[in-house]
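Worksheet for the structure shown next.
Every read-out reported here was derived from the displayed coordinates using simple, explicitly stated rules and does not represent laboratory data. From a predicted model like this one, the values you see are computed outputs, not experimental measurements. Neighbour counts are summed over all protein chains in view; Cβ atoms, including those assigned to glycine, are modelled from backbone coordinates with ideal geometry.
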Amino acid sequence: MSAAILGAAVLAAQLMLVAAMACATLRLAWGPRAQDRVLALDTLYVNAAMLLLVFGIRSGSTHYFEAALVVALLGFVATAALAKFLMRGEVIEE
Amino acid sequence: MTGAEDLPLWAALPVAALLIAGAALGLIGSIGLIRLRGFYERVHAPTLGTTLGIGFILLASMLYFTVVQSRPVLHELLIAAFVVITTPVTLMVLTRAALTRDRREGDPSVPPAEPGREP
């Protein structure tokens, strides 16, 4: 009983998160400007971290937690570096 | 679904509800990213997913692993703290970058820079 409830919820959550990633990918492709693409990339990173956490619940293993942590960290670094590049034209200033 | 068979019903129901709520918030945020018109409106939408969305899913994960392994599993708090700290920082840096770019191009729809306070 509880396995059936949890299985249905995990499947629904995975489908919704895949749809969310598809929306973010569409915005990443359309743009229209560079800051829209960076925002879409940030959303894509967060959705990917959520999808990994749901997959960890599905497989019953805590190893996906580390993957989600790394994805969240890389998302922060990537967005901060890209925003700096958009503002100044270079990432590391001399 | 390994380990889900020995999960009692009182834990399965909140985990399922939190999972669906978190994923739905992430989906709503991403749909807003598509539907809203300008960049300054669009930048608000994904924060639904990055605050409450990932928060609900982290709560579901903590509850699930705490009950299945019958010991407190709290390492998801690490992601929660990290996301709560970094999301406002990244989005404010990104918005300031967009504002600088719009001002540099002379876009009349953004307010001009205050004198003596260049970004």
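At 20 °C and 1.002 mPa s, grab the translational diffusion coefficient of segment A:1-90 from Stokes-Einstein with a Kirkwood Rh over Cα pairs, rounded to a whole number in µm² per second.
Using the Kirkwood radius from Cα pairs, D works out to 150 µm²/s.
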Collect residues whose amide H, placed 1.01 Å from N in the peptide plane, falls under 5 Å from the amide H of B:Val73; neighbours closer than 5 in sequence don't count. B:Thr66
Dipole in debye (nearest 20) - segment B:9-104, about Cα centre, beta carbon charges: Lys, Arg +1; Asp, Glu -1: 460
Could you give the length gained on full extension between B:Leu78 and B:Leu9, defined as 0.36 nm per residue of separation minus the Cα-Cα distance, in nm? 22.1 nm
Relative contact order (%) - criterion: Cα under 8 Å, at least six apart; region: chain A: 25
Under 14 Å from the Cβ of A:Leu26, count the other residues' Cβ atoms, weight Lys and Arg +1, Asp and Glu -1, and hand me the total. +3
Each residue of segment B:75-85 in turn: what ³J(HN,Hα) in whole Hz from Karplus with 6.51, -1.76, 1.60 and θ = phi - 60°, glycine and Pro shown as x? 5, 5, 4, 4, 5, 4, 4, 4, 5, 5, 6
Average partner chain C-beta neighbours within 10 Å, per residue of A:47-54? 6
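Work out the mean other chain Cβ neighbour count within 10 Å for the residues of B:102-111 and drop it here as an integer.
Neighbouring Cβ atoms belonging to other protein chains average 0 per residue here.
For peptide B:59-67, what's the mean number of Cβ atoms from other chains within 10 Å of each residue's Cβ?
What the average comes to for B:59-67 is 3.
Taking 0.36 nm per residue of sequence separation and subtracting the Cα-Cα distance, how much length would be gained by fully extending the chain between A:Leu26 and A:His63, in nm to one decimal?
Stretched fully, the A:Leu26-A:His63 segment lengthens by 10.3 nm.
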Taking the simple approach of a point 7 Å from Cα along Cα-to-Cβ for both B:Ser70 and A:Leu11, what is their distance in nm? 3.1
Can you tell me the 0 to 90 degree angle between the C-alpha axis of helix B:9-35 and the longest principal axis of chain B, rounded to 10? 20
Hey, if you drop one equal point scatterer on each alpha-carbon of segment B:9-104 and run the Debye formula without solvent, what base-10 log of I(q)/I(0) do you get at q = 0.10 Å⁻¹? -0.36
